[in-house]
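A short worksheet on the structure shown next.
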Amino acid sequence: MVRALSGLSVLAAILCLAAGCAVDQAKEVATYRKVLDAGARPVDYDPAGPLSLDNALQLANRHNERLAIQGENYLQSLIDKDRAVAAFLPTVSFAPSYLREERTRIPGAAPFVPERALDLPLEAGVNVNPLSSGATVRASREEAKRRREVLLEARSAVLLDVSEAYYQILRSEAQQSFLAGSVTVQQARLENVQKKRKAGAARALDIAQVEGQLAGTRAQLIAADTDVRNGRSVLALACGVSAVNGSLVDRLSVPDNAPTIDELYSAARTSRHDLKAVAKQVDVARRNVDAAWGRYFPTIGLGGEFWAKRQTFPPDVTWMGMVSVNWPIFSAGLIHDEVRTAFSQLRQAELAESYQARTALKELRVARENYVNSARRIAELRVQVAASEEALRDAEKGYQSGLNTNVDRLVAQDQVLASGLNLLSEELTRKVYYLRLLRAEGRLDFGCPELDAPSAPAGASKDRKE
């Protein structure tokens, strides 16, 4: 019977060790992927195929390593929570021992001090401070919730980075196309001036001036080409893919009007993950204060020991139980200092919450101001483009009739080029401002209908009324 119990004890110990060593890593990763993938959808990506903004965001959510790192932090907070709960659970250990010693010469001591002794004890025990440990468990739960909000806030930041990289490419490609067309026109003008020079109707200075303007435009085109290639590298990194070579499909729908600051801030208070995270940090700090105070109270210990086989003295005793209470009477001020530190951390958390709320309000004001004023700039730039095109037509007519010099015509051409580039850039920048407004409001996330809606061509939106 004793041998059977010994064998079962050893088998149980081996099984417990095997179960403790097994970690399902796929399941661990799935814990935070479930949070990140809520509302997401799978995307079949072709580096050479078209890419919409919504698909780019989906790819970043799935493959960006920054999010996975934050996900691991969230997972670790869940592990810490389980560890805090484990303080209330007993620990069980199997501690076999074998003793061999020289035979004693003391008369009558042989039965009490054997030469050989094999003990197979199974030990169990728990030491817990109900007040402090209970507060620690509650703090770990709030910390896990805070880490979840930090993870979602990191995703929001990554989505904004992807969006800005996406529209930087579109802006550079629009400039690229505009400059390429301008180069074609200026090349034709250069050929025309060269023909007039051969006919004696133009000066060498006119050719040099046109060539200089053409070279400047080509230099701008080279810069735009470089910006496109660099931007695609940045977007590929942010999306976690090898390359982005296909066309970018802009479907972002931008509304004409923006909500008021009060409306935006009210929505941000319930939607922004950073505000939720700092609020949870305050809860964590409060629980830590309770945990520090709880250390003034006793720690209760429960323990027991069962011998499957015992040959040491007394060999007929097969079990033992113990209850202990440890009440700190003098701790050299250690607990007091822990309480002081906990209160200091609570004040820090409350200050961080206040500062983050004011930061969110500032970001909303800046984002809304940029978005509103961008519409005004677009309206004025359209007027400037129309005026510069009319001035160029007049300069061309005057040049042909001999009323204007070639310099007048080149100045008018520069104005058309500059105003056209500014309008293209501002129309796409306004979309970036809108995405920043969504981010500041806490709405830049999957399921946002503006991200993948049919969009009107650039320049076709109505003037905004404020």
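The values are calculated or read from the model by the stated rules, or taken from the named source; none is laboratory data. In this text, all values refer to a predicted model and were calculated from it rather than measured experimentally. Using ideal geometry, Cβ is built from the backbone for each residue, glycine included, and neighbour counts are taken over all protein chains shown. We work out accessible area using only protein heavy atoms, side chains counted, and drop any ligands, DNA or RNA first. Shrake-Rupley method; radii C 1.70, N 1.55, O 1.52, S 1.80 Å.
Computed quantities for the displayed model
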| read-out | value |
| --- | --- |
| Residues within segment 25-44 that are in contact with a Leu (Cβ under 8 Å, 6 or more places away or on another chain) and closer than 20 Å to Leu160 by Cα, tallied | 3 |
| Some residue of segment 422-434 being open to solvent by 20 Å² or more (accessible area, probe 1.4 Å), modelled with pLDDT under 75 and more than 26 Å from Tyr265 (Cα to Cα) | no |
| Residue within segment 396-409 that is modelled with pLDDT under 95, assigned to a helix (DSSP H, G or I) and either more than 21 Å from Val193 (Cβ to Cβ) or in contact with a Cys (Cβ under 7 Å, 6 or more places away or on another chain) (or both) present | no |
| Single match in Arg218, Arg189, Arg229, Arg197 (criterion: part of a helix (DSSP H, G or I), open to solvent by 60 Å² or more (accessible area, probe 1.4 Å) and either modelled with pLDDT under 85 or aromatic (Phe, Trp, Tyr) (or both)) | Arg197 |
| Unique residue being under 20 Å from Arg232 (Cα atoms), aliphatic (A, V, I, L, M) and in contact (Cβ under 8 Å) with a residue 40 or more places away in the chain when the list is Leu53, Leu75, Leu67 | Leu53 |
| All positions within segment 232-246 that are outside any helix (DSSP H, G or I), open to solvent by less than 10 Å² (accessible area, probe 1.4 Å) and out of contact with any Gly (no Cβ under 8 Å at 6 or more places or on another chain) | Val244 |
| Selection status of Arg464, modelled with pLDDT under 80 and touching a Phe, Trp or Tyr at 6+ places or on another chain (Cβ under 6 Å) | no |
| Leading residue by the ranking (nearest to the chain's Cα centre (by Cα)) among those in segment 141-166 that are under 30 Å from Ala243 (Cβ atoms) and open to solvent by 20 Å² or more (accessible area, probe 1.4 Å) | Ala154 |
